[in-house]
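Rule-based calculations on the coordinates, nothing more; no lab input. Bear in mind the structure is a predicted one, so any value in this text is a computation, not a measurement. Cβ placement follows ideal geometry from the backbone for every residue including glycine, while neighbour counts extend to all protein chains displayed.
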Amino acid sequence: MSRKVKLATTAIIALAATITPVSASAADAKIIPRAEVVVYDKSHVCGMDEMDYVSGGPGPKSITLTRSATAESSWSAEVSVSKSVVDAGVGYNTKRAWTITQSATYNVPKRKYGSITSFPYYEVSYFNVRLWPSGHHLGKGYAMKPIGACFVRRSW
């Protein structure tokens, strides 16, 4: 019985941590804990960096903004955690550029001028950083992936 428990424990430790040998003997291996990222909420938000702009007038007139723009995914955390751990937790590359192609039309009112401005539209994943395998909370962070565009239409 004791031997089976010891083998099972050894298997769990081998899966749960990086084992770095400090000498030739396997009994002297040092276990280094890892961090894990666990997403607990998602939302959507318009970015602040203008991607494109078009204006026209006087109305009545229709203006259309149809262009491709590039936006980059990003992340931030209040604790030091590697990018690869965040990527694995949120499910995408957090430092990749994405091409966004969308269009919007605005019917400019009579005797007015109008404009359309586009901004990146992000999916935001909020996550906890925990020590693995204990689950001890280390901090939190967020990752943002561009998934489309927001459009602001205005007239003057």
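Values as computed for the structure displayed
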read-out: Within segment 106-156, trypsin sites (Lys or Arg not before Pro) in DSSP loop having at most 14 other beta-carbon neighbours inside 10 Å; value: Arg111, Lys112
read-out: Chain lengthening between Thr70 and Lys83 when straightened (0.36 nm per residue, less Cα-Cα); value: 2.6 nm
read-out: Cut-off 13 Å (backbone N to label point 7 Å along Cα→Cβ of Asn107), residues of segment 55-97; value: 60-63
read-out: For segment 33-155, size of Cβ-based charge dipole, Lys and Arg +1, Asp and Glu -1, in debye; value: 540 debye
read-out: Prolate/oblate/rounded label for segment 33-155 (Cα gyration tensor, a/c 1.5); value: prolate
read-out: Ranking of Thr99, Thr94, Thr105 by count of other Cβ atoms within 10 Å, fewest first; value: Thr99, Thr105, Thr94
